[in-house]
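Below: one structure, written as structure tokens.
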Amino acid sequence: MTDVNAGPDRKIRFLALTIFMLYLQHMTGNGSQHDKLRRDIADIGGQCLGRATRQTANRLTRHYNRYLAPYGLEVTQFTVLCAIALDAAPSASALAAVIGIERSTLNRNLKPLESAGLISRTAGHGRTVRYCLSDKGLALLARAHPAWRKAQDALTQHLPPSDPEALHDALKRVRRAVKAASADGQHAEPDVNLPTTDDT
């Protein structure tokens, strides 16, 4: 006896099998894409200059901060005081550019320094504001400088004599590469170094 439903059942099974195979092919393809994406992302860890410099900067900041903490300063604030003491910038914007930080970061560091009486502001050209070091600020900077030197020496003693200068040169090349790669390079921060604090 012939099963009248056999034909339609085979067609349904064939269609279901076809759909299942297409689904497996789709999932396998996605899996391959996901695996490639994961490999690409993993490569970022070893290649990304931004990640490497940020990790280094964070560790350097913590290192210097430990030495400057007894004087109530962080390394960014110490650098700001040095730049102001050198009269290196005619305005707050220029000061931020010379130090190499954002204007908002500069403002966050200026406020506690000004509140502590370490710096004062005066009128600059036009509507600009110029910051000056007070006698109290100069005295604190003089006391904190040996601590900065100890922090610096603690690092350099673990480096070959030629490494600090080579590192400075390499970092300058990175800054110049960033400036060249920027689509808005004409507005990039100037590559200016502070005579006494660029070692940080």
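Quick one: is residue 180 closer than 30 Å to residue 48 by Cα and surrounded by fewer than 19 Cβ atoms within 10 Å (Cβ to Cβ)? Answer is yes for this residue.
Of the residues making up the stretch 136-152, one or more are without any contact (Cβ under 8 Å) to a residue 12 or more places away in the chain, in a helix (DSSP H, G or I) and of a type in the set (A, V, I, L, M, F, W, C). For residue 108, the stated conditions hold: it is out of contact with any helix residue (DSSP H, G or I) (no Cβ under 7 Å at 6 or more places or on another chain), of a type outside the set (S, T, N, Q), surrounded by fewer than 17 Cβ atoms within 10 Å (Cβ to Cβ) and closer than 28 Å to residue 172 by Cβ.
The residue that is nearest to residue 111 (Cα to Cα), among those in the stretch 62-80 that are surrounded by fewer than 14 Cβ atoms within 10 Å (Cβ to Cβ) and of a type outside the set (A, V, I, L, M), is 72.
Remark: residue 122 matches the filter, which requires a residue to be outside any helix (DSSP H, G or I), of a type in the set (Val, Ile, Thr) and either out of contact with any helix residue (DSSP H, G or I) (no Cβ under 7 Å at 6 or more places or on another chain) or closer than 30 Å to residue 179 by Cβ (or both).
Pairs meeting the criteria (first residue in the stretch 38-66 and more than 23 Å from residue 179 (Cβ to Cβ) and at pLDDT 85 or above, second residue aromatic (Phe, Trp, Tyr) and in a helix (DSSP H, G or I), beta carbons under 9 Å, at least 6 apart or on different chains) are 64/78; 64/148.
The values are calculated or read from the model by the stated rules, or taken from the named source; none is laboratory data. As the structure is a computational prediction, the values presented were derived from the model and not from experiment. Note that we place each Cβ from the backbone using ideal geometry, even for glycine, and neighbour counts take in every protein chain shown.
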